[in-house]
Amino acid sequence: MTNLTYPHYLQRSGWNALLPTRQSKPPLSLDIKVDVAIIGAGYTGIAAAKRWRELAPDDEIAIIDASELGEGTPGRNSGFLLEIALANDANPEQIRRMRECNRLIGQTMNKIVREVEISGIDCALERTGTYRAAAGNAGRKSLLQYRSFLQAVGLPFENLDRQAMQQRLGTSFYRQGLYSPHCYLAQPAALIKALAQQLPRDIQCYENTPATQLRKAGNAWLIETPAATIEAQTVVLANNAFSKTLGIGKSQLVAVYTYAAITKPLDEAMLASLGSDKSWGVLPAHRLGSTLRKTQDGRLMVRSFYGYEKETQTVAVTSELRKNLLRRFPQLEDTPFDRVWGGAIGFTMNGGTLWGEVKPGLFVSAGCNGGGVVKGTLFGELLADLANGQEVPDVPKLFGKANWIPPEPWRAIGFHLLAAVERFRGRAEI
Ligand SMILES: Cc1cc2nc3c(=O)[nH]c(=O)nc-3n(C[C@H](O)[C@H](O)[C@H](O)COP(=O)(O)OP(=O)(O)OC[C@H]3O[C@@H](n4cnc5c(N)ncnc54)[C@H](O)[C@@H]3O)c2cc1C
């Protein structure tokens, strides 16, 4: 376990490495006083800042991020932008609640699409839809559950057998699949840059500026960073799992690391062997399964494997990712990875979120549970609404409220035990 208050990764983001170099904004070097300080320039923090500016045009707003745009956690994900609830959120018995969640998520997705268009940055954003795939019984069970949810809310989908999956994706690994059109795929490092580019010019964003401490100082909040301090009337914690290192969410949040790798662009013959769809994305039916993508520019990406509270060494990660990729695509035996990287997820035990005003003037949205590009954007906006006295939907009721998890060492023991059980149950899906 690490005492760092922010993520510090072993490898560069593979997605960001594919983009032209960008000059980051300078770190905070002088003490400042602002109305609102936002910690974390991810999907949540950027969305909160934009919405805040709409509601309070005169407030002085500053955002700080421990990393650089594109290089930090928001630029490390697999780039699935789901327009509807994730398989493990879905509960067909609560149709009305899920419909409302999907309505909110859908609206947010439309805004993201518009902002990407305006930015002019190529994010490879494409509404490809997504496959959910099952190789064994645990996966099939989740797939059936997801199918009944889609049926219940009247959303379109296609059922696919092994042969159809083979034809579309070029692998006979999966016994069964389901295709849903409600998903975009994107280049995540480009996406966060495009969304940040749309920040109003008067909002200062300080990169490479980690918050190392947060405390109350009189009526205000004081944020310490390596070179300077920020005094703010209101603080928004948008730094996901790392909120707990600043004292908020210690009993709800765990930092779970997961890993991804991408190949160089593949040749035509190899691409032809990877199914009839030009680009595709596969999400695992089981939560410990692997995510895969065939990208617009002809690469294959795999995401798999989890680490508790600290990043696993790259050699071990690479071998695990290769094994999982080759189980599905043995034809890639001689194709090395171009990049391998990890990223931290804010994990909560029950999949709920930590959201709202936790102390006077201190707001938080954390616990993305591995699916927070669109949801984070939504929660960030709603947090700004809440802080500015707007009427907001009951986020914890709609999306779940993070429950209590025991302290260490019980937490680590529980996590490893649960992970072992889940790994065994879902072994065919990994
Ligand atoms: C490998 C991987 C694949 C994933 N795939 C998907 C996917 O396909 N689709 C999806 O929706 N989600 C996916 N996720 C999850 C997704 O990345 C997150 O849900 C999303 O990024 C959450 O956005 P956020 O803004 O809430 O938090 P984050 O993206 O975690 O951003 C938090 C920001 O806070 C900064 N920060 C942290 N601590 C501090 C501090 N002390 N001081 C200052 N700044 C700080 C970080 O640098 C970071 O930029 C994946 C995650 C990983 C790691």
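Exactly one residue among Gly367, Gly414, Gly361, Gly426 is within 20 Å of the chain's Cα centre (by Cα) and of a type in the set (Gly, Ala, Ser), and that residue is Gly367.
Contact map, the range 131-154: first residue of a type in the set (Ser, Thr, Tyr), second residue outside any helix (DSSP H, G or I), Cβ cut-off under 6 Å, separation 6 or more or different chains; pairs are Tyr131/Gly177; Tyr131/Tyr179; Tyr131/Val282; Ser142/Ala87; Ser142/Ala285; Ser142/His286; Tyr146/Ala87; Tyr146/Ala90.
Being over 23 Å from Leu332 (Cα atoms) and surrounded by 21 or more Cβ atoms within 10 Å (Cβ to Cβ) is the filter here, so list the residues in the range 161-178 that pass it. Correct list: Leu178 only. Can Trp15 be described as modelled with pLDDT of 95 or more and within 11 Å of the ligand (Cβ to nearest atom)? For Trp15, the condition - modelled with pLDDT of 95 or more and within 11 Å of the ligand (Cβ to nearest atom) - is met. Exactly one residue out of Leu86, Leu81, Leu125, Leu104 is buried (at least 24 other Cβ atoms within 10 Å of the Cβ), of a type outside the set (Val, Ile, Thr) and either within 9 Å of the ligand (Cβ to nearest atom) or modelled with pLDDT of 95 or more (or both), and it is Leu81. Looking across the range 39-51 at every residue that is more than 8 Å from the ligand (Cβ to nearest atom) and touching a strand residue (DSSP E or B) at 6+ places or on another chain (Cβ under 6 Å), the one that is nearest to Gln198 (Cα to Cα) is identified as Ala49.
Residue-by-condition table, conditions (1) within 16 Å of the ligand (Cβ to nearest atom); (2) aliphatic (A, V, I, L, M):
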residue: Arg147; (1), (2): no, no
residue: Ala152; (1), (2): no, yes
residue: Phe157; (1), (2): no, no
residue: Tyr206; (1), (2): yes, no
residue: Leu214; (1), (2): yes, yes
residue: Ala227; (1), (2): yes, yes
residue: Leu237; (1), (2): yes, yes
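Strands (runs of 3 or more DSSP E) fully within the range 147-236 that include at least 3 residues being hydrophobic (A, V, I, L, M, F, W, C) and either within 25 Å of the chain's Cα centre (by Cα) or more than 19 Å from Thr377 (Cα to Cα) (or both): 220-224. When the criteria are applied in full, Gln198 meets the requirement of being more than 13 Å from the ligand (Cβ to nearest atom), under 17 Å from Gly42 (Cβ atoms) and surrounded by fewer than 24 Cβ atoms within 10 Å (Cβ to Cβ).
Only a single item in (1) in contact with an Asp or Glu (Cβ under 6 Å, 6 or more places away or on another chain); (2) under 25 Å from Ala186 (Cβ atoms) is not met by Phe363, and it is number (2).
The criterion of being of a type in the set (A, V, I, L, M, F, W, C), within 10 Å of the ligand (Cβ to nearest atom) and modelled with pLDDT of 95 or more holds for Ile64.
The values are calculated or read from the model by the stated rules, or taken from the named source; none is laboratory data. Since this is a predicted model, take the numbers as computed values, not measurements. We place every Cβ from the backbone using ideal geometry, glycine too, and count neighbours over all the protein chains shown.
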